[in-house]
Each structure stands twice: as structure tokens, then as C-alpha cells.
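What follows is a short report on a single structure.
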Amino acid sequence: MTLRREETIQIPESDLDGMSVDTLAVRAGQIRTDQLEHSDAIFPTSSFVYGSAAQAAARFGGEEPGNIYSRFTNPTVQAFEKRLAAMEGGERAVATASGMAAILATCMSLLKAGDHVVCSRGVFGTTNVLFQKYMARFGVTTSFVGLTDLAAWESAITPDTRMLFLETPSNPLCEVADLAALAELAHRNDALLVVDNCFCTPVLQRPFEHGADLVIHSATKYLDGQGRCVGGAVVGPNTLMEEVYGFLRSAGPTMSPFNAWVFHKGLETLPIRMRAHCDNALELAQWLEGRAGVESVFYAGLVSHPQHELARRQQSGFGGVLSFKLVGGRDEAWRFIDATRMISITANLGDVKTTVTHPATTTHGRLSPEDKAQAGITENLVRLSVGIEAIDDLKRDLERGFAALGA
Ligand SMILES: *Cc1c(COP(=O)(O)O)cnc(C)c1O
């Protein structure tokens, strides 16, 4: 029997050209077997079989494309990679076992002993450890600079600088870096601009459109959005991704088919979830600003935010993470957090459930007092990763925190 439509099995890639990120999230990277299942199949297998010894030889020799072993390729993992690459507008994505494995693979495949990295201060804590402790052991040195201080980025560059690495917006103070300016600086100095796009996701920010060379994801956060799996990805042009893929294939921190299937399904709802996160976060930020008991609010969607205009240009939404300083110190921050009942006390972010944390004693607890002061991580700072619950229920829960402070 002939199929009514060939694309029942596979949407032609050319059909995806020009589609919006909302459509790509549900239609790009579709896999469908001849069973014509509507949901995407999952292939939990370590290896693949061949029709003959000759075919096995052709596969291993690279003359015939196809799967060999799931550390190299797996159809479920490839489906997630194709969907994410399409959404980011990058040529190729490679999935990894975690966000940290994505950063490790990027460094190990594209840097060598003697190279130098400039990194924004206040990146994810483990990223800091990776650069300062482990990459340093292999002769790759790193200088840390303020995210928004373009002159500091420029003066930190040495003849050995091969990579500029950053997160924007930053965690937890929501500072926003000028990606186009940093891309220009990187390329003028023969270095790569690597952007950890975890906070915005391709729905809110597409770093390649501003000149970035590689995009990193912790899929653990918004891409899943429901706190189920740990995973990551690197996205970029084929030439660079061939190196990143080569390292992963040899070193092994690849993504499991089950996790890839969860993330692939997660991407389908990412656009509507991100809009809900943004709407709730903006409303809470405005509600918190000027409220009795609140000293200051950090959210790029507020007109009072120093990079508000830049964020408007560079992002299509301001994201789900915000932080604020309470009047007082650690005692007030902890009492506020402990008085909430629905909101989860956890350092994780990007979940449909709202989470609250005290950065100075959790995510940023390992920083020295000087580094904390420099990064603006004070004892009265509270961070929210705003979920998709009804805004009135969130306000009611936060009111419990204010009530505990008598505010
Ligand atoms: C969580 C996180 C990472 C690390 O990702 P894992 O999946 O936990 O390894 C990297 N960057 C940012 C911005 C993160 O929030």
C-alpha cells in the first residue's frame, strides 16, 4: 500500500525552513516507525544489528550511514538533538549526560594546554569549579570578569585567549550581557563565544542571531521543565560540533535514550511554559518592587533594571528567575523562606513548580566572603524560580513570608 503522505514517516527537513520556534518545538526532529505511532518512539538499546557481515563492515567503515552503538548515536537521542538544533537555529546539537558534561565536552574538544578562557563571574557554581580546579590542571587558565563590564572582558584577553564563556541573564541577579558586543570582541581576538542559554532557552533568546559560536544547555532545567531527568546539550556549526561529538563518543558522557525521550517531549511544551513563566515572574517582580519589607528586586523585565533596554532587544521575554533583597539579613531571609508552604525550598530552577532558595547559603555558599560581596550575593537575598501556578496562589504563599517578618 502506498502512504497517503510520505511525510507521515518523516517531515522533509526543507518543510521546517522558516517555521516558528513554537512549531519546531512540536514538529522538528520527529521520528516515526512504520507502525505510524503518533507519539515518538523510544529506542532503549545499547547496540544495533546488521543484515550481513558486509553491512556491518560498511557501517563500521563509515561507507554506510546508520547506528552502531548508543554511545555513538541513538535514534531517540538524535530526535531530541534535531529538535533542539532547529529551535536554536544551529546546524547541529549533541546531547550530553548533564549540563556539566556539555561544558566539559566543549572545553576538552576545543581547548588545549596553554589556552586561556575569559569567563563571567557568577556563572553556575560547578562551572566555576570545572574551570578553576579541573581545567587548570590540564594547563587551561581562566580569568573571571564582571558579566556586564565590556572593558573588563577586553582587558582580560591575552594572546592565548581562545574562549569567552558566559551565562545571560546571570544567576541570581539577572544581569544581562551584550551578546553582539562580546561576539565581536571574541572574533576580533580569534576566540569563540560560548553562551550557556539555560535561563532563556531558544524560546526567549537565540544567541546565534547575536554572533555566538556555541550554545550550551542544562536540559535538566527548562527543557524538561518538570524535574524528571538530568541532561544537557551543545549546539553549534557542524565544524565545531564534529569536535565536540568526537570527544563525547570517545569519553562517554552521552545522553540515555530514556532521558532523550523525556526531553524531546519536554520541548513540545517549552514555548507555552516559557510564556507562563515570564508572565508570572514579571507580575511577581512588579508586585515585590516597592512592597514593604523588600529592599530591591532583580529582574530584567523591570523598567528599573539597568539592562532593561538591552534585555528587550536581545530576548523575547525576561525569563522565570528573579531575586530580591529583604530588609534585614540571613535571619529575615530564612524566616521568609520557611514561612512559605506551597513553594518548594530547593536550589533547582526551571520547573513548573515555583522554587525558592537562599543563594548565600546554598548555590553560592562555597564562595569566599569577598567573592560573595563582589558578586552581590548578600545574606538578605532570596531567589525565586517562578513556576506556572496561578499568580494569586503564589502571592498568597509569599504573603506568608511577609507576615512572618511583620511586613
Ligand atoms: C544547572 C546548570 C548547569 C549544570 O547543569 P547540570 O544539568 O546540573 O549538569 C549549567 N549551567 C547553568 C546555568 C545551570 O543552571
- Return only the number of the condition from (1) out of contact with any Leu (no Cβ under 7 Å at 6 or more places or on another chain); (2) in contact (Cβ under 8 Å) with a residue 24 or more places away in the chain that G62 does not satisfy. (2)
- How many of the residues in segment 284-304 are within 24 Å of A375 (Cα to Cα) and in a helix (DSSP H, G or I)? 4
- Kindly indicate which of L302, L310, L284 is under 23 Å from Y222 (Cα atoms) and either without any contact (Cβ under 8 Å) to a residue 24 or more places away in the chain or assigned by TED's automatic domain parsing to the domain that holds V215 (or both). L302
- Return the residue satisfying two criteria in turn: it lies in segment 151-180 and is closer than 20 Å to F318 by Cα and not in a loop (DSSP other than H, G, I, E, B), and of such residues it is farthest from the ligand (Cβ to nearest atom). A180
- Members of segment 371-399 that are at pLDDT 90 or above, in a helix (DSSP H, G or I) and surrounded by fewer than 18 Cβ atoms within 10 Å (Cβ to Cβ): I391, D392, D393, K395, R396, D397, E399
- Determine the pairs where a residue that is on the phi > 0 side of the Ramachandran plot, located within segment 135-153, has a partner that is surrounded by fewer than 15 Cβ atoms within 10 Å (Cβ to Cβ) with Cβ atoms under 8 Å apart, the partner being 6 or more residues away or on another chain. G139/K112; G139/A113; G139/G114
- Residue in segment 284-301 that is closer than 30 Å to V21 by Cα, away from the ligand (no atom under 16 Å from the Cβ) and among the charged types (D, E, K, R) present: no
- Message: Looking at segment 202-222, I want the residues that are of a type in the set (F, W, Y) and have a partner that is within 12 Å of the ligand (Cβ to nearest atom) and in a helix (DSSP H, G or I) with Cβ atoms under 9 Å, at least 6 apart or on another chain. Which pairs are those?
- Response: Y222/T201
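Here is a yes/no grid of residues against (1) in a loop (DSSP other than H, G, I, E, B); (2) away from the ligand (no atom under 16 Å from the Cβ); (3) farther than 27 Å from R335 by Cα:
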residue	(1), (2), (3)
A233	no, no, yes
R249	no, yes, yes
T269	no, yes, yes
C278	no, yes, no
L282	no, yes, no
P306	yes, yes, yes
R313	no, yes, yes
G317	yes, yes, yes
- Query: From the list T148, T126, which one is surrounded by fewer than 24 Cβ atoms within 10 Å (Cβ to Cβ), in a loop (DSSP other than H, G, I, E, B) and of a type in the set (S, T, N, Q)?
  - Reply: T148
- Query: How many residues are more than 16 Å from the ligand (Cβ to nearest atom) and either in a helix (DSSP H, G or I) or surrounded by fewer than 17 Cβ atoms within 10 Å (Cβ to Cβ) (or both) if we restrict to segment 82-104?
  - Reply: 7
- Test for I343: is it in contact with an Asp or Glu (Cβ under 7 Å, 6 or more places away or on another chain) and not charged (D, E, K, R): yes
- Message: For the structure I just gave you, tell me whether H217 is of a type outside the set (S, T, N, Q), assigned by TED's automatic domain parsing to the domain that holds E81, more than 9 Å from the ligand (Cβ to nearest atom) and outside any loop (DSSP other than H, G, I, E, B).
- Response: no
- Task: Using the structure shown, decide if G246 is touching a residue at least 40 places away in the same chain (Cβ under 8 Å), on the phi < 0 side of the Ramachandran plot and of a type in the set (G, A, S).
- Result: yes
- Message: Looking at L367 and the list (1) hydrophobic (A, V, I, L, M, F, W, C); (2) crowded, with 22+ Cβ neighbours inside 10 Å; (3) modelled with pLDDT under 90, which single condition is not satisfied?
- Response: (2)
- Query: Would you call F324 closer than 28 Å to P207 by Cα and either small (G, A, S) or at pLDDT 95 or above (or both)?
  - Reply: yes
- Item | Among (1) within 12 Å of the ligand (Cβ to nearest atom); (2) surrounded by fewer than 24 Cβ atoms within 10 Å (Cβ to Cβ), the one test that D115 misses | (1)
- Report the residue count in segment 38-81 for those that are not in a helix (DSSP H, G or I) and not acidic (D, E). 25
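Residues are listed down the side, and each one gets a yes or a no for (1) within 15 Å of A25 (Cβ to Cβ); (2) assigned by TED's automatic domain parsing to the domain that holds I103; (3) at pLDDT 95 or above; (4) touching a Leu at 6+ places or on another chain (Cβ under 8 Å):
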| residue | (1), (2), (3), (4) |
| --- | --- |
| A191 | no, yes, yes, yes |
| L204 | yes, yes, yes, no |
| P237 | no, yes, yes, no |
| A276 | yes, no, yes, no |
- Message: Please verify whether D34 is in contact (Cβ under 8 Å) with a residue 24 or more places away in the chain, assigned to a loop (DSSP other than H, G, I, E, B) and either more than 30 Å from G317 (Cα to Cα) or in the same structural domain as F258 (by TED's automatic domain parsing) (or both), treating the condition exactly as stated.
- Response: yes
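The values are calculated or read from the model by the stated rules, or taken from the named source; none is laboratory data. Given the structure is predicted, the values throughout are model-derived calculations rather than measurements. Don't worry about glycine lacking a Cβ; one is built from the backbone with ideal geometry, like all the others, and counts go over all protein chains shown.
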